[in-house]
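Input: a single structure, listed below in structure tokens.
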Amino acid sequence: MTLQAIKWSKADGKLEILDQTLLPATTSYVQVKGVKDGWNAINKMQVRGAPAIAIVGCLSVAVEILQHPNYDDKNALFRAIKDNMNYLVTARPTAVNMKEAADFFTEMTDYLCHSDDFTLSQMKDEFIDRMDKMLRGDVKDNKAIGRFGADEILRNVPEGSSVRVLTHCNTGSLATAGYGTALGVIRSLHERGRLEHVYCTETRPYNQGARLTAYELVHDKIPATLICDDMVAALMKTKEITAVVVGADRVAANGDTANKIGTYQIAILAKYHNVPFYVAAPLTSIDLKMSNGDQIVIEERSEREMTHMNDKRIAAEGITCWNPAFDVTPASLITGIIMNICVSKPSDGSDFILKYTDVIIR
Ligand code: MRU
């Protein structure tokens, strides 16, 4: 059985998402009945992970349009799409994917709106049809990331040997339309019979590693061990880790990468222990408009995520908390960015755009 975080039926205009706040104890799908539900599901992290946020956001606009079919004219439909997309961007600020999708669909529907070749109903069909392409395209991109990443990691090890990889947060089928980015690289290594072991961090405070990545790894019968976030240095010192592979919420033009809080400290530890550190991300996570990582807005979340576990308070009453959901790893610590078209190597700190056009497209 394949793990499916997002269920979409174009015929019924029905969208359901696996409620990730309840995993791994409870498998329960919730229906997203429109844009407001989409915004809440993203904000409350019932769906999370940069690609999945964008996909559910866009599908919630599709649901809204299919449920409320009476637009007066093409301009009214264009405004509804544009305004709803921009509203969804505000649900969580750090990942760029929803913003990229909003810009793409605004531009696309602006064109359809002003072209005489499309009626109102054709404009709507084009928009809805594009959703299936987005879902299929994400899985295809993730499989390409998996191939490029596995090739890259295996290039640096003796022929036929297997590898030990560390990952952080959740970047798998639950964070995407399927297969995953960093977890896609791990799946690809496993499919080739070259993965000896994967270690996943628990990823405090939201525990995406312990709850979600561990769930996916057990589900796929991938040899895996869970570690606490503060065990990474000890792991690198004692277990001969071949490489670290993590995901990304936004990669700036120079290669600086925002990802789940804790990624930066893992990159520093990897540098110290001479372990290659890779970021796996589709092109939709790359933000060439931001020249470097200092400009990335870091979401800060409720202190309750730190002070409570399953509604039980675990922190001392009266303590104040700081809960940034992401941090930025400088390009100089990143061995390579594994994308769906190539692997780029920004680790010398030079301009990622130049590196990006410089790489051999394999
Ligand atoms: O707060 P989250 O769970 O949405 O954070 C997720 C991450 O940081 C992932 O590494 C990133 O979005 C990539 S998911 C393919």
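The values are calculated or read from the model by the stated rules, or taken from the named source; none is laboratory data. From a predicted model like this one, the values you see are computed outputs, not experimental measurements. Please note: Cβ atoms are built from the backbone with ideal geometry, for glycine as well, and neighbour counts cover all protein chains shown.
Here is how the numbers come out for the structure above:
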quantity: Single match in Arg48, Arg79, Arg92 (criterion: basic (Lys, Arg) and within 20 Å of Glu216 (Cβ to Cβ)); calculated: Arg48
quantity: Counted residues, segment 315-351 - those being at pLDDT 95 or above, among the acidic types (Asp, Glu) and over 17 Å from the mean Cα position of the chain (by Cα); calculated: 1
quantity: Qualifying positions in segment 1-15 - surrounded by fewer than 17 Cβ atoms within 10 Å (Cβ to Cβ) and either within 16 Å of the ligand (Cβ to nearest atom) or in a strand (DSSP E or B) (or both); calculated: Gln4, Lys7, Ser9, Lys14
quantity: Test result for Tyr71, outside any loop (DSSP other than H, G, I, E, B), more than 16 Å from the ligand (Cβ to nearest atom) and in contact (Cβ under 8 Å) with a residue 40 or more places away in the chain; calculated: no
quantity: Set Met134, Met108: member being out of contact with any Pro (no Cβ under 6 Å at 6 or more places or on another chain), touching a residue at least 24 places away in the same chain (Cβ under 8 Å) and either of a type in the set (Ser, Thr, Tyr) or within 26 Å of Ile341 (Cβ to Cβ) (or both); calculated: Met134
quantity: Which listed residue is crowded, with 24+ Cβ neighbours inside 10 Å and either closer than 24 Å to Thr203 by Cβ or not aliphatic (A, V, I, L, M) (or both), from Gly49, Gly34; calculated: Gly49
quantity: Hey, Arg187 free of Cβ contacts under 8 Å to residues at least 60 places away in the same chain and among the basic types (Lys, Arg) or not; calculated: yes
quantity: Residue that is within 16 Å of the ligand (Cβ to nearest atom), surrounded by fewer than 16 Cβ atoms within 10 Å (Cβ to Cβ) and either under 21 Å from Gln20 (Cβ atoms) or hydroxyl-bearing (Ser, Thr, Tyr) (or both), where the choices are Asn142, Asn40, Asn97; calculated: Asn40
quantity: Residue match in segment 108-119 (condition: of a type outside the set (A, V, I, L, M, F, W, C) and under 25 Å from Ser173 (Cα atoms)); calculated: no
quantity: Residue count, segment 212-245 (criterion: among the charged types (D, E, K, R) and assigned to a helix (DSSP H, G or I)); calculated: 4
quantity: Candidate set from segment 201-260 (those that are within 12 Å of the ligand (Cβ to nearest atom) and polar (S, T, N, Q)); member that is surrounded by the most Cβ atoms within 10 Å (Cβ to Cβ); calculated: Thr257
quantity: Matching entry among Phe127, Phe105, Phe118, Phe148 (being surrounded by fewer than 18 Cβ atoms within 10 Å (Cβ to Cβ) and either outside any helix (DSSP H, G or I) or on the phi < 0 side of the Ramachandran plot (or both)); calculated: Phe118
quantity: Scan of segment 16-32 for residues that are closer than 20 Å to Gly180 by Cα, touching a residue at least 24 places away in the same chain (Cβ under 8 Å) and in a loop (DSSP other than H, G, I, E, B), ordered by number; calculated: Asp19, Gln20, Thr21, Leu23, Pro24
quantity: Output for segment 160-200, where each listed residue is touching a Gly at 6+ places or on another chain (Cβ under 6 Å), near the ligand (Cβ under 10 Å from one of its atoms) and not in a loop (DSSP other than H, G, I, E, B); calculated: Ala182, Leu183, Gly184
quantity: Close pairs from segment 39-58: first farther than 13 Å from Ala177 by Cβ and part of a helix (DSSP H, G or I), partner near the ligand (Cβ under 9 Å from one of its atoms) and among the basic types (Lys, Arg), Cβ under 7 Å, at least 6 apart; calculated: Ile42/Arg92; Asn43/Arg92
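Yes/no per residue for (1) of a type outside the set (A, V, I, L, M, F, W, C); (2) out of contact with any helix residue (DSSP H, G or I) (no Cβ under 9 Å at 6 or more places or on another chain); (3) in contact (Cβ under 8 Å) with a residue 12 or more places away in the chain; (4) away from the ligand (no atom under 12 Å from the Cβ):
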{"residue": "His273", "(1), (2), (3), (4)": "yes, no, yes, yes"}
{"residue": "Phe277", "(1), (2), (3), (4)": "no, no, yes, yes"}
{"residue": "Ala281", "(1), (2), (3), (4)": "no, no, yes, no"}
{"residue": "Glu299", "(1), (2), (3), (4)": "yes, yes, yes, no"}
{"residue": "Arg304", "(1), (2), (3), (4)": "yes, yes, no, yes"}
{"residue": "Lys312", "(1), (2), (3), (4)": "yes, yes, no, yes"}
{"residue": "Ala325", "(1), (2), (3), (4)": "no, no, yes, no"}
{"residue": "Pro330", "(1), (2), (3), (4)": "yes, no, yes, yes"}
{"residue": "Ile334", "(1), (2), (3), (4)": "no, no, yes, yes"}
